[in-house]
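Chemist: Dropping a structure here in structure tokens format, bear with me for questions.
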Amino acid sequence: MNTSNIIAPPALVKRDQKHDTKAIQKLDSAHYFHPFTDLGDSAQHGSRVITRADNIYVWDSEGNKILDAMSGLWCVNAGYGRKELADAAYQQMMTLPFYNSFFQTTNVPAVQLAAKLSSLAPSVDGRKFDHVFFSSSGSESNDTNVRMVRRYWDLLEQPQRKIIISRQNAYHGSTMAGASLGGMSGMHAQGDLPIPNIAHIEQPYYFENGQPGESKADFGLRAARWLEEKILELGADKVAAFIAEPVQGAGGVIVPPDTYWPEIQRIVDKYGILLISDEVIYAFGRLGHWFAYEKYGYKPDLVTFAKAVTSGYIPLGGVMVGDRVAKVLIEKGGEFNHGYTYSGHPVACAVALANLELMERENLPGRVKDDIGPYLAERFEELDAHPLVGLAETVGFSAGLVLVKNKATQEMFDPALGVGMMCRNHCFNNGLIMRAVGDRMIIAPPLVMTRAQIDDMMVLIRRCLDATLDDLRADGKLA
């Protein structure tokens, strides 16, 4: 075996360690099968190698400092370099690094975290969340939701209720069930998805789906009623649940009108179906609340969480199980034949407890609601004046803007031009991570960001928009 090209891992990676970028890229392309990546293109151009992080910044192997306006992948809410989270992991590893939660066995951090999450999840009209099922990711959590929902209806002697309705352009994970629940056509094209008994309705995206002269309020009602139309089309006695993100994150920070969620609640109540709130992105402070359903006032039966529960430091996910579902599963269900090796992993749960304590101590949800959220909205709105921007909007501590060819008519660019990716490349080259979803550019920065750092970010965003505009004009794509 030829081992000459293998890079031996150091005993301890130091912050100022030098890296051979080309050697790492070569090894990367030879062995690392990346998620959501064109592997051929990645091998040709080389992956960006991120080597360290602190606060809201990451550094690559070339020493470039980059403002991470996406919180890693929507998850590093408490920021990078939090010693208390590393200490919590170390202490738990030295005490009990692992034991499973199968067969009536438990561990202290998992119990404490379940109780803590239940205390943070507000009840709405008497609906409470006294129980938590743990997984390692949002994808696993949504697979769990499918199992729980169908088990619930079986136990109520309505086994025909199997269909779960979701939305186009939604993201609910990339496992077989998670990808099926999601409404990403590119994912459905690979792997014969969706699996049976999953249906989709259109997303509540006013910019794309609103009609001329239609108000946002009227559109919100019309968009919500697509759910009722689908229920009647499929047969109300066959529909088990509706799953939706409070705000569609990976779909482009798609913010529903204020009229949307109350009407959704009326519809699920009318037909007696379960409501699943997928808060993998928007729980734990990003909307100024511990859980997003509190902001919008709806009453879910199941709440999916992951990502920011540990600020991304350790993989952990789960489902907040509302009393309506929990009561049936506990009293009628017997053994629930479902679970994961790492359900309630003691190290992950210990880090989550430390993370939630940190977020409480620093009042990160409150900062979003009363300080940095409103300030981001104020600054981001200024981008509406840019020649390329057709819409700039924020919700909590996330935001999206639409790149358009013509501001007056809101004409979009030909998707083949890849204007969003053009802008994204300028972002990386100017020390900013901003995500492109088609021609919609989005951000979701760490919740520890200061007003001064927001100002710095806005300078970078405007610089990248200007560079994109210059490229389009130089190529004759804009007058």
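Read the figures in this text as sums done on the coordinates, not as results from a lab. Just so it is clear, the model here is predicted, and its values are computed rather than measured. Counting neighbours? That spans all protein chains shown, and the Cβs are built from the backbone with ideal geometry, glycine included.
Chemist: Provide the gained length on full extension for the span Ala452 to Ala43, in nm with one decimal, where the gain is 0.36 nm per separating residue minus the Cα-Cα distance. Each step should come with its number before you reach the end.
Modeler: Values: separation 409, 0.36 × 409 = 147.24 nm, distance 3.78 nm.
143.5 nm is the gain from fully extending Ala452 to Ala43.
Chemist: When the expected Rg is taken as 2.2 N^0.38 Å, what fraction or multiple of it is the alpha-carbon Rg of the range 86-361? If you can, show how the numbers build up before the last one.
Modeler: Values: Rg = 18.5 Å, N = 276, 2.2 N^0.38 = 18.6 Å.
Compactness ratio reported: 0.99.
Chemist: As an exercise, use a Förster radius of 56 Å and the Cβ-Cβ distance of Gln160 and Glu360 to find the FRET efficiency, rounded to the nearest 0.05.
Modeler: It comes out at approximately 0.80.
Chemist: Okay, moving on. If a helix is a whole DSSP H run, which ones in the chain reach 30 Å or further along their own axis (Cα) and hold a mean Kyte-Doolittle hydropathy of at least -1.0?
Modeler: Numbers: long enough: 451-474 (34 Å, 0.02).
Passing helices, by number: 451-474.
Chemist: In the chain, once you exclude exposed chymotrypsin sites (Phe, Trp or Tyr not before Pro) (DSSP loop, at most 14 other Cβ within 10 angstrom), what's the longest stretch remaining? Mind showing how you got there, number by number?
Modeler: Values: sites that count: Tyr32, Phe33, Phe36, Phe98, Tyr99, Phe102, Phe103, Phe336.
It runs 104-335.
Chemist: Calculate the length of the line joining the C-alpha centroid of the range 462-476 to that of the range 271-291, in whole Å.
Modeler: When both Cα centres are located, 38 Å separates them.
Chemist: What number, in nm² with one decimal, is the all-direction average of the projected area of the convex hull of the alpha-carbon atoms of the range 362-444? Working shown, then result.
Modeler: Details: hull surface 23.7 nm².
If you wrap the Cα atoms of the range 362-444 in a convex hull and average its projections, you get 5.9 nm².
Chemist: Could you compute the longest span of the chain free of trypsin sites (Lys or Arg not before Pro) located in DSSP loops and having at most 15 other Cβ atoms within 10 Å, not counting the site residues? Spell out each step's value before the answer.
Modeler: On the way: sites that count: Lys14, Arg15, Lys18, Lys128, Lys407, Lys477.
Longest site-free region, per DSSP loop and neighbour criteria: 129-406.
Chemist: Where a ≥ b ≥ c are the square roots of the eigenvalues of the C-alpha gyration tensor, would you call the chain rounded, which needs a/c under 1.5, or, failing that, prolate if a/b is larger than b/c, or oblate?
Modeler: Values: a/c = 1.58, a/b = 1.12, b/c = 1.41.
Oblate, since a/c reaches 1.5 and b/c is not below a/b.
Chemist: Hey, if you put +1 on the Cβ of every Lys and Arg and -1 on every Asp and Glu Cβ in the range 86-361, which of Thr175, Pro300, Val328 ends up farthest toward the positive end of that dipole?
Modeler: Selected residue: Val328.
Chemist: If you put +1 on each Lys and Arg Cβ and -1 on each Asp and Glu Cβ, how big is the dipole of the range 86-361 around its Cα centre, in Debye rounded to 20? Write down the numbers at each step before the final one.
Modeler: On the way: 24 positive and 29 negative charges, 49 e Å.
Here the size comes out at about 240 debye.
Chemist: For labels at Met176 and His34 in the simple 7 Å Cα→Cβ model, what's the distance in nm?
Modeler: A separation of 2.8 nm, rounded to one decimal place.
Chemist: Compute the label zone of Gln410 within the range 446-479: residues whose backbone N is under 13 Å from the point 7 Å along Cα-to-Cβ.
Modeler: none
Chemist: Sticking with this structure for a sec: Could you give the nm distance between label points at Arg462 and Arg147, where each point is 7 Å from its Cα heading toward the beta carbon?
Modeler: That separation, rounded to one decimal, is 5.2 nm.
Chemist: Same structure, new question: What is the spread of the Cα atoms of the range 60-162 along each of their three principal axes, largest first, in whole Å?
Modeler: 61, 34, 29
Chemist: Between Asp125 and Phe98, what is the spin-label point distance in nm, taking each point 7 Å from the Cα along the Cα→C-beta axis?
Modeler: 4.4
Chemist: Here's another thing I want to ask about it. With just the Cα atoms defining each centre, how far is the range 292-320 from the range 166-229? Give it in Å.
Modeler: The range 292-320 and the range 166-229 have Cα centres spaced 20 Å from each other.
Chemist: To continue, here is another question. Can you tell me which lysines have their Cα less than 20 Å from the Cα of Lys332? Leave out same-chain residues fewer than eight positions away.
Modeler: Qualifying lysines at Cα under 20 Å: Lys128, Lys162.
Chemist: Considering only DSSP beta bridges where both residues belong to the chain, give the percentage that are antiparallel (nearest 5).
Modeler: Numbers: 33 of 49 bridges.
Of all bridge pairs located within the chain, approximately 65 percent are antiparallel.
Chemist: Charges at C-beta only: +1 for Lys and Arg, -1 for Asp and Glu. How large is the resulting dipole of the range 289-413 about its Cα centre, in Debye rounded to 20? Spell out each step's value before the answer.
Modeler: Working: 12 positive and 16 negative charges, 60 e Å.
Using only the charged Cβ atoms, the result is roughly 280 debye.
Chemist: Per 0.36 nm of contour for each residue apart, how much would the distance between Ser118 and Ser215 grow if the chain were fully extended, relative to their Cα-Cα spacing? Working shown, then result.
Modeler: Details: separation 97, 0.36 × 97 = 34.92 nm, distance 3.80 nm.
Full-extension gain reported as 31.1 nm.
Chemist: Within the range 243-274, find all residues whose amide N lies under 12 Å from a label point positioned 7 Å from the Cα of Glu229 along Cα-to-beta-carbon.
Modeler: none
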